[in-house]
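Below is one structure, written out as structure tokens; comments come after it.
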Amino acid sequence: MRLRSFVLVLLLILPGCLGESEEESSSGSGTVDSLEVWYTFAAETLEEEIFLESVDSFIEETGIDVKATRVPYDDAVALFIIAAQGGEAPDLIRISSDKLDEFGEVRVDGFPIFEDLRPHLTPEQRSSFDPVSLQSMIYEDSLYALPASYDCLSLIYNKDLFDGMEEPNEDWTLEDLKNAGEQVGLEFPVKNAYWWFSFFGGYGGELFDENGTPTLDENGAAESLEWMMDLELEHEIVPTGTQIISMENSFEAWDTGMIIDGPWNWVRYGKGIENLGQTILPKVSQNGDYLSPLVTYKGWAVSKQSPGKVEATSLALYLSSDKVQKEFALQTYTIPSSENLKSDRDIIANPVISGFTDQARLGTPSPTSHMTLVYESLGTAFENVYTGTLSAEDALEDA
């Protein structure tokens, strides 16, 4: 109901462009004096504040007016697709690389809903981005967004609750994690596929083989899923029914000493936990590989329907510029995608950013194809394993 109501309001309040011809819709080469951007930062957060300040700076520097509209992160894909199908898409939207296929498969009047940004960029502009980050925004040979940051899960802990105990560190194994969890607590949503990817990768698994065939039931998949779920179902270390929100609230309240979470909540946790710690996720065994979280990239995509694609691309470049990326990194601890900022002294000297960067190096860049089907299939599989309906092996084979 919330999504449906939002869409109805959206289609009523946005200015109409249904009468625009197909040629005008696909060219967007004319000069415009206003743009609309949809963003997905949570309300009243530091991320939203920095973003809006960046938009104001762009307006001041260019004279182009920008209307910034916040949309729910979980609903952004559906809302944009509906708006595009009604000829009402904004000029720019913030997207995540693991949702790129949801956008990429859609066509409106025979056109994709995003502009291929390759013709809009100079070689120098392309080279300013980390190559892996730039590749993360390519879908079927089209560059659909400019990467502004990336992030992943890591181990976050309350140092004060480890008084007299060894704190989490890069030498830890899964057994160390389990043993410490019995003492100080450990929480994360064991039924969430995004969290499982870390364990799957640590056990040697990959989502797809070199031919693009799903391999969700191979290379330690069942073993890794069983180990993760047993933390709740057998060992009762992770509280029953832990969800993302309950994990966050529990850690804030000092009810648990460790969580697996990302940099996006660091500022929030730091308000109530002075001695906040972070380290890379543990090894599967003493001589094994580290857990390998999924690395997702966030960036700015230009609508194919935008009448001002040149101006919209300029805004995307500004929002992913070194200046803005550095501000986001130092204030919100997201990892910059800028090639130049890899050697920035302030970035390197920040232990939180460096810690998450080290974790991302051990991570797995999110594929840009078929991830929607992966999440859907694993959701059913995990529920069957969690309830005991199927074994991990059978459930993942079905997936």
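The values are calculated or read from the model by the stated rules, or taken from the named source; none is laboratory data. Given the structure is predicted, the values throughout are model-derived calculations rather than measurements. FYI the Cβ positions are ideal-geometry reconstructions off the backbone, even for glycines, and counts take in every protein chain you see. We work out accessible area using only protein heavy atoms, side chains counted, and drop any ligands, DNA or RNA first. Shrake-Rupley method; radii C 1.70, N 1.55, O 1.52, S 1.80 Å.
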> If you take the residues in region 213-240 that are open to solvent by less than 40 Å² (accessible area, probe 1.4 Å) and part of a loop (DSSP other than H, G, I, E, B), which one is farthest from Ala193 (Cα to Cα)?
Replying inline: Ile237
> Hey, Gly164 hits all of (1) within 28 Å of Glu383 (Cα to Cα); (2) open to solvent by 10 Å² or more (accessible area, probe 1.4 Å); (3) of a type in the set (Gly, Ala, Ser) but one; which does it fall short on?
Replying inline: (1)
>> Checking the condition open to solvent by 50 Å² or more (accessible area, probe 1.4 Å) and either in contact (Cβ under 8 Å) with a residue 40 or more places away in the chain or touching a strand residue (DSSP E or B) at 6+ places or on another chain (Cβ under 9 Å) (or both), which residue from Gln278, Gln331, Gln305, Gln325 passes?
In response: Gln331
> Do we find a residue being assigned to a helix (DSSP H, G or I), modelled with pLDDT of 90 or more and closer than 16 Å to Val310 by Cβ anywhere in region 45-61?
Replying inline: yes
>> Please verify whether Ala89 is assigned to a loop (DSSP other than H, G, I, E, B), modelled with pLDDT of 95 or more and within 19 Å of Phe114 (Cβ to Cβ), treating the condition exactly as stated.
In response: yes
> Here is a list of conditions, (1) closer than 16 Å to Lys298 by Cα; (2) touching a residue at least 40 places away in the same chain (Cβ under 8 Å), and Leu143 meets all of them except one; can you say which number that is?
Replying inline: (2)
>> Looking only at residues that are in contact with a Gly (Cβ under 7 Å, 6 or more places away or on another chain) and surrounded by 18 or more Cβ atoms within 10 Å (Cβ to Cβ) in region 113-143, which one is farthest from Lys283 (Cα to Cα)?
In response: Tyr139
>> Condition (residue is closer than 29 Å to Gly104 by Cβ, out of contact with any strand residue (DSSP E or B) (no Cβ under 6 Å at 6 or more places or on another chain) and not in a helix (DSSP H, G or I)) applied to region 343-360: is it met by at least one residue?
In response: no
>> Among the residues of region 174-183, are any in contact with a strand residue (DSSP E or B) (Cβ under 6 Å, 6 or more places away or on another chain) and either within 17 Å of Met371 (Cα to Cα) or buried (at least 16 other Cβ atoms within 10 Å of the Cβ) (or both)?
In response: no
> List the pairs whose first member sits in region 364-387 and is closer than 26 Å to Gly241 by Cβ and touching a residue at least 24 places away in the same chain (Cβ under 8 Å), whose second member is open to solvent by 70 Å² or more (accessible area, probe 1.4 Å) and of a type in the set (Phe, Trp, Tyr), and whose Cβ atoms are under 6 Å apart, counting only residues at least 6 apart or on separate chains?
Replying inline: none
> So which residues in region 152-177 are part of a helix (DSSP H, G or I) and closer than 30 Å to Pro367 by Cβ, if there are any at all?
Replying inline: Leu174, Leu177
> So which of Val352, Val310 is more than 28 Å from Phe208 (Cα to Cα), open to solvent by 40 Å² or more (accessible area, probe 1.4 Å) and either over 16 Å from the mean Cα position of the chain (by Cα) or touching a residue at least 40 places away in the same chain (Cβ under 8 Å) (or both)?
Replying inline: Val310
